[in-house]
Amino acid sequence: MHVLSTGVSYRRAPVELLERLAFPGDELGKAYHHLTSIEGVRGGVILSTCNRVEVVAEVDSYHEGAQALRGFLADAREVPAEELSEPLASRYEEDAVRHLFGVASGIDSMVIGEPQILAQVRSAYRRSDEEGALTPLLSALVRRAVRTGRRARAETAIGANPAAMVEAGADLAAKALGTLEGRSLLVVGAGTMAELAVKSFGSRGVGEVVVLNRSPSRAERLAVRHGAAAGSLTDLGHALAGADLAVTVTGATGLVVEPDIVRDAMRGREAPLFVLDLAVPRDVHPGAAAIDGVTLVDIDDLRAVVNGANDDEVARVAAIVDEEVARFAQWRRAARLAPLIQGLYDRADRIRRAELDRVQARLASLSDDERAAVEAATEAIVKKLMHGPVIRAKALAEDDAEVRLLARLFGFDPPESA
């Protein structure tokens with residue numbers, strides 16, 4: 001069986017396409033049912049985040065698998081296949097393994113080292129398992145990806161800047177408004193990123209802070225921690241009219257801020273409004289950017305200005321990824337050859353026992369200790385005779401022809417192709 005990764009990420013896809021391809025949580029069950037019903041696809045893991053939508057699958061072959069996964073994404077998200085031609089990337093076997101390990105390590109994120117991706121990989125693993133789509137090979141692959149991500153964060157400083165996206169947005173807001181001192185801030189959302197926004201802008205001297213959320217109780221908890229006011233999304237129009245800058249970072253699957261509500265908020269005012277949309281899918285309709293006095297910045301705009309980890313840290317993580325890729329390849333070789341090698345040992349031991357049984361009468365005069373010594377000696381002979389060939393057999397694991405020849409020589413069924 002083979003590992004294939006297919007999908008799109010922020011590197012080649014605009015936010016608009018990522019939004020359309022994203023899998024809402026309540027639709028994943030149906031998506032997994034669709035995925036596992038495809039001929040030639042043994043199982044899969046769907047990784048759907050702010051910056052990427054990718055499927056890691058176990059497939060029978062590359063070409064059929066790549067076409068199947070491309071068709072799955074197009075059909076499941078109702079996106080014309082031709083729209084995926086340019087941004088879609090497919091990676092096979094070692095390239096797919098290295099890519100997933102890099103993703104889990106944070107070096108393929110828009111914000112290098114961002115901490116959320118490792119939790120998202122673990123969540124994707126659990127959901128695939130719940131939906132019965134996790135094969136033994138994929139289970140081992142994703143667990144080792146998580147291990148790689150943990151090593152990267154434990155052994156390097158790659159995850160030292162989780163607020164980089166918010167800080168970059170705050171820098172752009174300061175440039176657009178001249179200063180953030182005393183400015184009124186509206187934060188729409190009450191999760192981790194929303195709290196980072198409150199902290200970041202608060203450290204820059206903003207004035208009044210208002211937090212709105214679909215669940216007012218969550219907004220209230222965040223507001224209390226930071227001395228802000230709180231409310232629900234029904235207060236959005238009024239709060240927007242009184243804000244100098246707004247940060248939106250909800251988990252909504254659709255638009256939260258439409259152009260009309262922004263237009264109403266700007267009616268009769270001369271002060272500019274800076275809107276920072278950190279959500280994927282977007283919270284703010286892009287049409288809001290056309291309204292006089294409004295500056296709208298979203299994830300696409302931040303790509304060029306976000307500063308990630310330094311090159312030395314990325315190189316250190318890349319080295320860890322290479323180590324773990326090699327270890328995974330070694331594990332696959334061992335797992336692939338395990339039945340054949342065990343068969344060789346079992347056959348050799350049967351021959352040993354048969355020969356001892358054949359001369360049993362001549363050994364009848366031996367004491368128990370002497371008989372145990374004979375058993376131990378013959379077992380050691382078998383192990384020593386088998387040791388060299390087994391080591392060389394493991395080294396042949398990547399060559400299907402030689403592995404099949406070895407199996408035929410001893411009358412075994414050859415292992416599945418790598």
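The values are calculated or read from the model by the stated rules, or taken from the named source; none is laboratory data. A quick note: this is a predicted structure, and the numbers were derived from the prediction, not measured. Glycine gets a Cβ as well: all are built from the backbone with ideal geometry, and neighbour counts include every protein chain shown. When the accessible area is computed, the model is the full protein with side chains, heavy atoms only, and any ligands, DNA or RNA have been set aside. Shrake-Rupley method; radii C 1.70, N 1.55, O 1.52, S 1.80 Å.
Annotations
- Options S37, S5, S9: the member that is surrounded by fewer than 22 Cβ atoms within 10 Å (Cβ to Cβ) and within 27 Å of A335 (Cα to Cα): S37
- Number of the condition not met by R316 [criteria: (1) surrounded by 19 or more Cβ atoms within 10 Å (Cβ to Cβ); (2) of a type outside the set (A, V, I, L, M); (3) within 20 Å of V111 (Cα to Cα)]: (1)
- Candidate set: region 235-255, residues that are at pLDDT below 95 and of a type in the set (V, I, T); chosen: the one farthest from A219 (Cα to Cα): T253
Here is a yes/no grid of residues against (1) of a type in the set (F, W, Y); (2) under 21 Å from G71 (Cβ atoms); (3) in contact with a Ser or Thr (Cβ under 9 Å, 6 or more places away or on another chain); (4) open to solvent by 60 Å² or more (accessible area, probe 1.4 Å):
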{"position": "L84", "(1), (2), (3), (4)": "no, yes, no, no"}
{"position": "S90", "(1), (2), (3), (4)": "no, yes, yes, no"}
{"position": "G102", "(1), (2), (3), (4)": "no, no, yes, no"}
{"position": "G106", "(1), (2), (3), (4)": "no, no, no, no"}
{"position": "I112", "(1), (2), (3), (4)": "no, no, no, no"}
{"position": "R122", "(1), (2), (3), (4)": "no, no, no, yes"}
{"position": "S128", "(1), (2), (3), (4)": "no, yes, yes, no"}
{"position": "P136", "(1), (2), (3), (4)": "no, no, no, yes"}
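- Helices (runs of 4 or more DSSP H) wholly inside region 160-256 that include at least 2 residues being touching a Pro at 6+ places or on another chain (Cβ under 6 Å): none
- Residues within region 344-389 that are open to solvent by less than 70 Å² (accessible area, probe 1.4 Å), in a helix (DSSP H, G or I) and not charged (D, E, K, R), tallied: 16
- Unique residue being on the phi < 0 side of the Ramachandran plot and touching a helix residue (DSSP H, G or I) at 6+ places or on another chain (Cβ under 8 Å) when the list is E86, E94: E94
- Any hit, region 187-203, residues being at pLDDT below 95, open to solvent by 20 Å² or more (accessible area, probe 1.4 Å) and either in contact with a Cys (Cβ under 8 Å, 6 or more places away or on another chain) or at positive phi (or both): no
- The set of residues in region 266-287 being in contact with a strand residue (DSSP E or B) (Cβ under 9 Å, 6 or more places away or on another chain) and among the hydrophobic types (A, V, I, L, M, F, W, C) consists of M266, L273, F274, V275, L276, L278, A279, V284.
- Residue within region 20-34 that is over 21 Å from E130 (Cβ atoms) and open to solvent by less than 10 Å² (accessible area, probe 1.4 Å) present: yes
- Tallying residues that are surrounded by fewer than 23 Cβ atoms within 10 Å (Cβ to Cβ) and touching a strand residue (DSSP E or B) at 6+ places or on another chain (Cβ under 6 Å) within region 155-182 yields 3.
- Figure legend. Inter-residue proximity from region 335-360: first residues farther than 20 Å from A372 by Cβ, second residues open to solvent by less than 20 Å² (accessible area, probe 1.4 Å) and aliphatic (A, V, I, L, M), beta-carbon distance below 6 Å, spacing 6+ or different chains. Indicated pairs: R336/A397; L337/A397; L340/A407; I341/V390.
- Sole residue being modelled with pLDDT under 95 and more than 30 Å from G113 (Cα to Cα), chosen from R214, R282, R269, R303: R269
- Any chance E114 is acidic (D, E) and part of a loop (DSSP other than H, G, I, E, B): yes
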